[in-house]
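What follows draws every value from the coordinates through simple rules; no lab data is involved. From a predicted model like this one, the values you see are computed outputs, not experimental measurements. Heads up, the Cβs are rebuilt from the backbone with ideal geometry, glycines too, and the neighbour counts pull from every protein chain shown.
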Amino acid sequence: MKAPRVRIRTVMIAIAVLTVLSYVAARLWAYYSLPANTRDVLARLDRPVRFPDPGPMPLAEALEAIREATRDPGDNGIPLYVDELGLQRAGATLWTEVRVDPGPMPAGDCLRRVLGPLGLDFNVYVRDGMLEVTTKDVARRARETTPDQVLRP
């Protein structure tokens, strides 16, 4: 009895399909292994934000508008922690004026555009599902030293 011939092309396609499936499965596993409150924050960062009055506004008002846009009935939106010492190091306060874009954009992108020019950034803490606003250096160091506890969405 003859053994079936396997074509090289069939083997290559099978390897490609298995590679893609393993990549997708790994990403899904990483996402669904996060605590529910962290997954909730990550999902909320994809929600669109539209500022009522585009243009300059205090940082506190911009953060509150983002939190309001990510709020569901019965909750307070994304839990935000603002590192006051980090703001001081960056030479900013909650009353520093920031420029906001009028168009709708995901909350995460909106945060990057508002915080970036001030030398600020944000992280999401895995265990708490808390979003922290701090300096770019502190945020980067936290991601490098504790990558299993800090996410950069």
task: Using θ = phi - 60° and the Karplus relation 6.51 cos²θ - 1.76 cosθ + 1.60, list the HN-Hα couplings for segment 16-23 in order, rounded to whole Hz, with x at every Gly or Pro.
output: 4, 5, 5, 5, 5, 4, 5, 5
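First select every other residue whose beta carbon is under 13 angstrom from the beta carbon of G86; then total the charges, Lys and Arg +1, Asp and Glu -1. Present the calculation step by step, with values, prior to reporting the outcome.
Details: positive: R89, K136, R140, R141; negative: D83, E84, D121, E132, D137.
Around G86, the charge tally is -1.
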query: Which cross-chain or sequence-distant (5 or more) residues have an amide H under 5 Å from the amide H of I78, H modelled 1.01 Å from N in plane?
result: T70
field: For V100, residues with placed amide H under 5 Å, excluding near neighbours
entry: G55, M57
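Rounded to the nearest 20 debye, what is the charge dipole size of segment 1-142 about its Cα centre when +1 sits on each Lys and Arg Cβ and -1 on each Asp and Glu Cβ? List each step's numbers first, then the result.
Values: 19 positive and 17 negative charges, 294 e Å.
Dipole of segment 1-142, to the nearest 20 debye: 1420 debye.
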- line: Computed ³J(HN,Hα) along segment 111-124: with the Karplus parameters 6.51/-1.76/1.60, θ = phi - 60°, integer Hz and x for glycine or proline, the list is 4, 4, 5, 6, 7, x, x, 8, x, 10, 8, 9, 10, 10
- prompt: Extension gain D53-T10, at 0.36 nm per residue separation less the Cα-Cα distance, in nm?
  reply: 9.7 nm
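Among rounded, prolate and oblate, which fits segment 35-151 when a ≥ b ≥ c are the square roots of the eigenvalues of its C-alpha gyration tensor, a/c under 1.5 means rounded, and a/b larger than b/c means prolate? List each step's numbers first, then the result.
Values: a/c = 1.88, a/b = 1.10, b/c = 1.72.
Oblate shape, in that a/c is at least 1.5 and b/c is the bigger or equal ratio.
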task: Compute the label zone of D109 within segment 44-69: residues whose backbone N is under 18 Å from the point 7 Å along Cα-to-Cβ.
output: 44-52, 54-55, 66-67, 69
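Only helical DSSP H runs with n ≥ 4 go in: add -39500 (n - 2.57) per run for the chain, normalise by residue count and round the 222 nm mean residue ellipticity to 500 deg cm²/dmol.
On the way: 6 runs with 70 residues, N = 153.
Mean residue ellipticity, 222 nm, calculated: -14000 deg cm²/dmol.
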task: Could you please report the charge total around A60, scoring K, R as +1 and D, E as -1 over all other residues with beta-carbon less than 13 angstrom from its beta-carbon?
output: -4
